[in-house]
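Chemist: Sharing a structure, written as C-alpha cells. Questions coming.
The values are calculated or read from the model by the stated rules, or taken from the named source; none is laboratory data. Every value quoted in this text rests on a predicted model; they were computed, and no experiment measured them. Positions of Cβ are generated from backbone atoms using ideal geometry, with glycine treated the same way; all protein chains shown enter the neighbour counts.
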C-alpha cells in the first residue's frame with residue numbers, strides 16, 4: 001500500500017479550475033518530484049497533499065488514513081524558510097521536536113535538535129537568530145527542523161527556489177546526502193521547476209500538464225534508475241542521466257507550447 005495516495009484531486013478558485021483530476025501514489029521510502037512551469041498549480045497540489053488546503057473534490061490519505069488538516073506524521077519545507085525570527089536557530093528546531101515528543105525532557109530535546117543542526121553544518125550557529133543568518137543557512141535550519149521530527153513523509157515546496165545558484169547547488173547536494181544516507185528511508189514529495197534538482201533527488205518524476213479550462217493533470221511517470229545518493233558532477237557525465245534530462249526538458253517544452261494556463265490566483 002502506498003504511504004501517500006491522492007485520488008482524483010481537482011481544485012478551483014472561483015471559476016478558475018487549477019487541477020483537473022490528479023491521482024498519485026508514493027511508496028514508503030520513495031522520493032517523487034513534480035515539475036512544471038509557473039502558475040501550473042504545483043503549489044496548490046502540494047498544499048492539498050499535505051493537508052494545508054482542502055481540495056474541491058478527491059481524497060488524500062497518508063498510511064491509509066484520510067488527511068484532514070496538516071498531518072502530525074509529516075513535515076514540510078517551504079521556499080521562504082518559515083522560521084520564528086525572535087528565537088535562536090536551536091530553539092526553532094527544538095520547538096518542532098517538542099511538538100513531536102512532548103514527553104521528552106529539556107536535555108533530550110536540546111540534544112536531538114543540536115544533532116540535526118550539526119548534520120546540516122550549523123553546529124556553530126546554534127544561538128544565532130534567523131536575522132543573523134544568510135538565506136542558505138536559514139534554509140539549512142528549515143531542513144534540519146524537517147528531519148528532526150523524523151516524519152513518515154516530507155513535503156518540499158520549491159525549497160531552494162529563492163536562493164542564488166551556488167547556495168542552491170550546495171543545499172541540493174546536502175538534501176541528496178541526507179535523504180540517501182538516512183538509516184530510515186525518507187519518503188518525500190517535492191515540487192520544483194528545476195529538471196536538474198528533480199534528477200538529483202528523485203526516484204520518479206512527473207510533469208504537471210496544464211489543460212486550458214480543465215485544470216492540470218500529471219503526465220506519465222519518468223523513472224530515474226540511478227543509485228542514490230547522487231552527485232551533481234556525476235550526473236553531468238552519466239549518459240542515462242543526460243538522456244533523462246533531455247526527456248524532461250522536452251516534456252516541459254511541449255507542455256509550454258500546448259498553451260500557458262491562466263495564472264493561478266495569489267492564494268494558490
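Chemist: How many of the residues in the range 35-47 are buried (at least 24 other Cβ atoms within 10 Å of the Cβ) and at pLDDT 80 or above?
Modeler: Matching residues across the range 35-47 total 6.
Chemist: Hey, can you tell me all the residues within the range 8-18 that are exposed (fewer than 15 other Cβ atoms within 10 Å of the Cβ) and at pLDDT 90 or above?
Modeler: 8
Chemist: Suppose we filter 146, 221 for residues that are within 15 Å of the chain's Cα centre (by Cα) and within 24 Å of residue 71 (Cβ to Cβ); which single one remains?
Modeler: Criteria check complete, one pass: 146.
Chemist: Does the range 95-107 contain any residue that is in contact with a strand residue (DSSP E or B) (Cβ under 6 Å, 6 or more places away or on another chain) and within 26 Å of residue 44 (Cα to Cα)?
Modeler: Scanning the range 95-107, I find no residue that is in contact with a strand residue (DSSP E or B) (Cβ under 6 Å, 6 or more places away or on another chain) and within 26 Å of residue 44 (Cα to Cα), so the answer is no.
Chemist: Within the group 29, 21, which residue is surrounded by fewer than 19 Cβ atoms within 10 Å (Cβ to Cβ), in a strand (DSSP E or B) and either touching a helix residue (DSSP H, G or I) at 6+ places or on another chain (Cβ under 7 Å) or in contact (Cβ under 8 Å) with a residue 24 or more places away in the chain (or both)?
Modeler: Just a single option satisfies the conditions, and that option is 21.
Chemist: Restricting to the range 52-109, and then to whatever is part of a strand (DSSP E or B) and touching a helix residue (DSSP H, G or I) at 6+ places or on another chain (Cβ under 7 Å), can you tell me which residue is farthest from residue 137 (Cα to Cα)?
Modeler: Across the range 52-109, the extreme among qualifying residues is 60.
Chemist: Out of (1) closer than 30 Å to residue 94 by Cβ; (2) surrounded by 16 or more Cβ atoms within 10 Å (Cβ to Cβ), what's the single condition that is false for residue 68?
Modeler: Result: residue 68 passes all but (2).
Chemist: Sticking with this one: With the condition kept exactly as written, say whether any residue in the range 35-44 is within 16 Å of the chain's Cα centre (by Cα) and assigned to a strand (DSSP E or B).
Modeler: Within the range 35-44, one or more residues are within 16 Å of the chain's Cα centre (by Cα) and assigned to a strand (DSSP E or B).
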